[in-house]
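Asks: Have a look at the structure that comes next, please.
The values are calculated or read from the model by the stated rules, or taken from the named source; none is laboratory data. The structure displayed is predicted, hence computed values, not measured ones. Here the Cβ positions follow ideal geometry from the backbone for every residue, glycine too, while neighbour counts run over all protein chains shown.
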């Protein structure tokens, strides 16, 4: 495997799974040209005039769609850890004797560790999307046939639009659908909220199969997925386990250290002037992030102001802000709990968004850069403010990128991390895997202090006389190294074997993940 | 050689965090064989192996099999677990393997310092230590008593000792609650040499108990050349203790405060502990009165429902009204609430500002007797006013340069 060095001095393979790669050139430095991918021309005359696209079962639909070896099959992750359809899908593909599939999910979950058998027997060649938990471990140990490709949600849209990934068959799990293929995620026993992550698949895949466990007569409204893009509709008994699709309620952290981080973040946002009438920010569903919402709420109430919009990751905590008039809109990319699903169903100001509106690199702008602040997590950061969100300090790939890279574009990007976990320091000299360049990361907040990127002189100036614990990142690092017992050793990896790569939002390659030596 | 060949200490299992399990088996010949299973082996595997070798050398262990199951224990914990396991094999070995004293851990305390909040840290749970001080309690208590299971008492001593050396509690007062006497007297040698500020004496029922603790401390101080003051906080937790509270408070000039513990007290009375607390009003008032009569602070019991923030706030306000100046905390989330509830009101602050200003003015002009309006201001009033000013500044209710 020939390796080349990119603009961040990270080594990346020249070719991945046979495709030639472009090394990362710098933030916003790479401009692609040409035309956005065209889907095949369709003719409505070829589809049933009565709008009934129902086929007998998934196997039939796959046959009609022309499934064969080496194809790219896509799925979405709105059913999260409750998804059973994807596992059934690959059981079916396996039973048809088809091999070497490129699986292109918008994300994977621990429930998909079931698919390891199909990675082993060659039904699946490799994964492009995310490799979480057991799938990540499998990949890290060098057991996947091809090289994994990790993309952000926006990067996934980009890769479809510029033709880097041609989806042959999209299989869209739909909590509610009609025989025409209109579908949504807000109704039905498997309700999951929005279906935004399946939008690109529905528009650009060669063939689109909608699978539903709640078939309703035409029209299925709202039609988050339009039947005009759908080839076949399949009825299933069940898409998955509703209790794992959405949690009853999302739980806020009770960890005093995380609460302290959240409090620092809210106070910081207030002191630097972000929390003002009409502001916006990107929330998430992690415990620390939810606590930030509560602290911000106190500040907003005390000041008598409201936000114009909050992007989520929506949960009951965001829904409460909307109901109490503390934000005009929720722009929702992913719906995490039952309160949020209900809110999206009932409240027109709780709006579904997609990676196209929010994150896509090939759009004429996107929402991510318009947000006043984004609060994100990380597995590691380094003294140059670079961050890692996919691998751990022992070298194992365990998480996907999600919308994380895309959200780095916000006006003030705040990374919330503990300064160490057990004995694992989080602020390193150099991150194990570079997923986000330091030039886009403005602030790192730990329970031991707030480090501001020296590039943000304006922020440093504003908090000059603050009572908040503003410290240099090296000072926090030094303290933590003393606690943990010195500089940690680097992970033991085989630099000759790349098991996965991290793409940047523009499709260039940012870093490589290597086989862990066990 | 004694009969016992295998000693172990620490915690094992999947739910363990920031701790480890160490087992040492003495063997005949073959040298030191160690087997380390660590969650952080790729980062600190070498350090862990080095520590095992260093400690074997220190205790002159020549032949042994050492097993370490590590779930991210910090070095001070690893060393404490190793030593505890080893001392089970050689209980008579008095050598101690001490972590070096953290350079930030040499600060001292004062007898009348602020003690609004004291955060209890279970003596055998190292994961809570490194961040405890970040939540800014006035004091932290490393607890060797009720939070430690009887079988873990020895283990906890090494851990607490190592924590006093290695862990930075960020200027919180460094307290240790020892066991009930006589066991508690044996705890002292593990903590007195390592800059402990206050020893809490549980279930104290007599002046003699206080004096016994003081004497033992003095002996250990002399042996270890410790000159810093170590204060005592007896905890009144029984009917008898309440009756003897004045005698206890005046037993030594090292007593800096009297604390009350209501779980045991209500059990002693044979009644249920209620939120209204009628059953303990007499005891609380008596303890406050004894403390004040002895010229020391009175500190209230803990509030045990961590989720009930409002209940805690009400309980502190009530304690403050009775004359208590501090509260025990069992979770860091309680600290801020306790501080806020002990904070003076705006009206109080305005009043004491006037008192302090009038006093300063009079002093400047060499006037002995100070009056504000029609009221005379004497020294105790000024002292109390200054204390309230300090509280106001600590709670960000008053700028520290307010009188410039």
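Asks: Among (1) closer than 18 Å to residue B:78 by Cα; (2) in contact (Cβ under 8 Å) with a residue 60 or more places away in the chain; (3) in contact with a strand residue (DSSP E or B) (Cβ under 6 Å, 6 or more places away or on another chain); (4) within 14 Å of chain A (Cβ to nearest Cβ), where does residue B:155 come up short?
Replies: (4)
Asks: Within the stretch B:88-100, restricting attention to residues that are under 30 Å from residue B:173 (Cα atoms) and more than 14 Å from chain A (Cβ to nearest Cβ), which residue is surrounded by the fewest Cβ atoms within 10 Å (Cβ to Cβ)?
Replies: B:94
Asks: In a strand (DSSP E or B), touching a strand residue (DSSP E or B) at 6+ places or on another chain (Cβ under 6 Å) and either closer than 24 Å to residue A:99 by Cα or at pLDDT 95 or above (or both) - does that describe any residue in the stretch A:36-57?
Replies: Yes, the stretch A:36-57 has at least one match.
Asks: May I pose another question? Could you go through the stretch B:346-357 and let me know if any residue there is closer than 25 Å to residue B:117 by Cβ, part of a helix (DSSP H, G or I), within 14 Å of chain A (Cβ to nearest Cβ) and free of Cβ contacts under 8 Å to residues at least 24 places away in the same chain.
Replies: No, the stretch B:346-357 contains no residue that is closer than 25 Å to residue B:117 by Cβ, part of a helix (DSSP H, G or I), within 14 Å of chain A (Cβ to nearest Cβ) and free of Cβ contacts under 8 Å to residues at least 24 places away in the same chain.
Asks: Grab the strands (runs of 3 or more DSSP E) fully contained in the stretch A:195-313, keeping just those with 2 or more residues being in contact with a helix residue (DSSP H, G or I) (Cβ under 6 Å, 6 or more places away or on another chain).
Replies: In the stretch A:195-313, A:207-212, A:232-235 are the strands (runs of 3 or more DSSP E) which contain 2 or more residues that are in contact with a helix residue (DSSP H, G or I) (Cβ under 6 Å, 6 or more places away or on another chain).
Asks: Given (1) out of contact with any helix residue (DSSP H, G or I) (no Cβ under 8 Å at 6 or more places or on another chain); (2) more than 25 Å from residue A:448 (Cβ to Cβ), identify the lone condition not met by residue B:113.
Replies: Looking at each condition in turn, residue B:113 falls short on (2).
Asks: On to the next question. Take the conditions crowded, with 24+ Cβ neighbours inside 10 Å, modelled with pLDDT of 95 or more and either within 13 Å of chain A (Cβ to nearest Cβ) or closer than 17 Å to residue B:22 by Cα (or both) and apply them to residue B:162. Does it pass?
Replies: So residue B:162 passes the test.
Asks: Might you check whether a residue that is outside the structural domain of residue A:104 (by TED's automatic domain parsing), within 22 Å of residue A:195 (Cα to Cα) and not in a loop (DSSP other than H, G, I, E, B) occurs anywhere in the stretch A:378-388?
Replies: Taking every residue of the stretch A:378-388 in turn, none turns out to be outside the structural domain of residue A:104 (by TED's automatic domain parsing), within 22 Å of residue A:195 (Cα to Cα) and not in a loop (DSSP other than H, G, I, E, B).
Asks: Let me ask you something else. Assigned to a loop (DSSP other than H, G, I, E, B) and more than 14 Å from chain B (Cβ to nearest Cβ): which single residue out of A:375, A:348 fits that description?
Replies: Only one candidate qualifies: A:348.
Asks: Go over the candidates B:96, B:83 one by one and state the one that is on the phi < 0 side of the Ramachandran plot and out of contact with any helix residue (DSSP H, G or I) (no Cβ under 6 Å at 6 or more places or on another chain).
Replies: Within the list B:96, B:83, the selection yields B:96.
Asks: Collect the residues in the stretch B:55-77 that are outside any strand (DSSP E or B), farther than 20 Å from residue B:153 by Cβ and either in contact (Cβ under 8 Å) with a residue 12 or more places away in the chain or touching a helix residue (DSSP H, G or I) at 6+ places or on another chain (Cβ under 7 Å) (or both), keeping them in residue-number order.
Replies: Correct list: B:55, B:56, B:58, B:59, B:61, B:62, B:63, B:71, B:72, B:74, B:75.
Asks: I've got another one for you. Could you go through the stretch A:446-457 and let me know if any residue there is within 14 Å of chain B (Cβ to nearest Cβ) and without any contact (Cβ under 8 Å) to a residue 24 or more places away in the chain.
Replies: no
Asks: Can you pull out every residue in the stretch B:216-251 that is within 21 Å of the chain's Cα centre (by Cα), touching a residue at least 40 places away in the same chain (Cβ under 8 Å) and surrounded by fewer than 18 Cβ atoms within 10 Å (Cβ to Cβ)?
Replies: Correct list: B:228, B:229.
Asks: Hey, another quick one. Within the stretch B:19-29, restricting attention to residues that are within 18 Å of residue B:81 (Cβ to Cβ) and away from chain A (no Cβ under 14 Å), which residue is farthest from the chain's Cα centre (by Cα)?
Replies: B:26
Asks: So which of A:297, A:306 is out of contact with any strand residue (DSSP E or B) (no Cβ under 7 Å at 6 or more places or on another chain) and closer than 19 Å to residue A:272 by Cα?
Replies: A:297
Asks: Here is a further query. Please find, within the stretch B:290-315, the residue that is farthest from the chain's Cα centre (by Cα) out of those that are under 23 Å from residue B:269 (Cα atoms) and without any contact (Cβ under 8 Å) to a residue 40 or more places away in the chain.
Replies: Only one residue tops the list, namely B:305.
Asks: Output the number of the condition that residue A:392 fails; it satisfies all remaining conditions of (1) touching a residue at least 40 places away in the same chain (Cβ under 8 Å); (2) crowded, with 23+ Cβ neighbours inside 10 Å; (3) over 23 Å from residue A:283 (Cβ atoms); (4) within 14 Å of chain B (Cβ to nearest Cβ).
Replies: (2)
Asks: One residue is enough: does the stretch B:340-349 have a residue meeting the conditions more than 30 Å from residue B:301 (Cβ to Cβ) and surrounded by 13 or more Cβ atoms within 10 Å (Cβ to Cβ)?
Replies: Scanning the stretch B:340-349, I find no residue that is more than 30 Å from residue B:301 (Cβ to Cβ) and surrounded by 13 or more Cβ atoms within 10 Å (Cβ to Cβ), so the answer is no.
Asks: What's the total number of residues in the stretch B:57-79 that are crowded, with 22+ Cβ neighbours inside 10 Å and away from every other protein chain (no Cβ under 14 Å)?
Replies: So the answer is 2.
Asks: Residue B:239 passes all but one of (1) in contact with a strand residue (DSSP E or B) (Cβ under 8 Å, 6 or more places away or on another chain); (2) more than 21 Å from residue B:143 (Cα to Cα); which number fails?
Replies: Looking at each condition in turn, residue B:239 falls short on (1).
Asks: Here is a follow-up. I'm trying to understand the selection: among the residues of the stretch B:30-52, which are more than 9 Å from chain A (Cβ to nearest Cβ) and over 17 Å from residue B:17 (Cα atoms)?
Replies: B:30, B:31, B:32, B:33, B:34, B:35, B:49, B:50, B:52
Asks: If you scan the stretch B:358-404, which residues turn out to be within 14 Å of chain A (Cβ to nearest Cβ) and in a helix (DSSP H, G or I)?
Replies: Correct list: B:393, B:394.
Table: residues versus (1) more than 14 Å from chain A (Cβ to nearest Cβ); (2) under 27 Å from residue B:70 (Cα atoms); (3) in a helix (DSSP H, G or I); (4) free of Cβ contacts under 8 Å to residues at least 24 places away in the same chain.
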position: B:102; (1), (2), (3), (4): no, yes, no, no
position: B:108; (1), (2), (3), (4): yes, no, no, no
position: B:130; (1), (2), (3), (4): no, yes, yes, no
position: B:140; (1), (2), (3), (4): no, yes, no, no
position: B:169; (1), (2), (3), (4): no, yes, no, no
position: B:176; (1), (2), (3), (4): yes, yes, no, no
position: B:185; (1), (2), (3), (4): yes, no, yes, no
position: B:189; (1), (2), (3), (4): yes, no, yes, no
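Okay, residues lined up against (1) out of contact with any helix residue (DSSP H, G or I) (no Cβ under 7 Å at 6 or more places or on another chain); (2) within 29 Å of residue B:73 (Cβ to Cβ):
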position: B:144; (1), (2): no, yes
position: B:162; (1), (2): no, yes
position: B:177; (1), (2): yes, yes
position: B:188; (1), (2): no, yes
position: B:202; (1), (2): yes, yes
position: B:221; (1), (2): no, no
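Asks: Within the stretch A:471-495, take every residue that is in contact with a strand residue (DSSP E or B) (Cβ under 8 Å, 6 or more places away or on another chain), exposed (fewer than 15 other Cβ atoms within 10 Å of the Cβ) and more than 14 Å from chain B (Cβ to nearest Cβ) and give me the one that is nearest to residue A:439 (Cα to Cα).
Replies: Once the filter is applied, the top-ranked residue is A:472.
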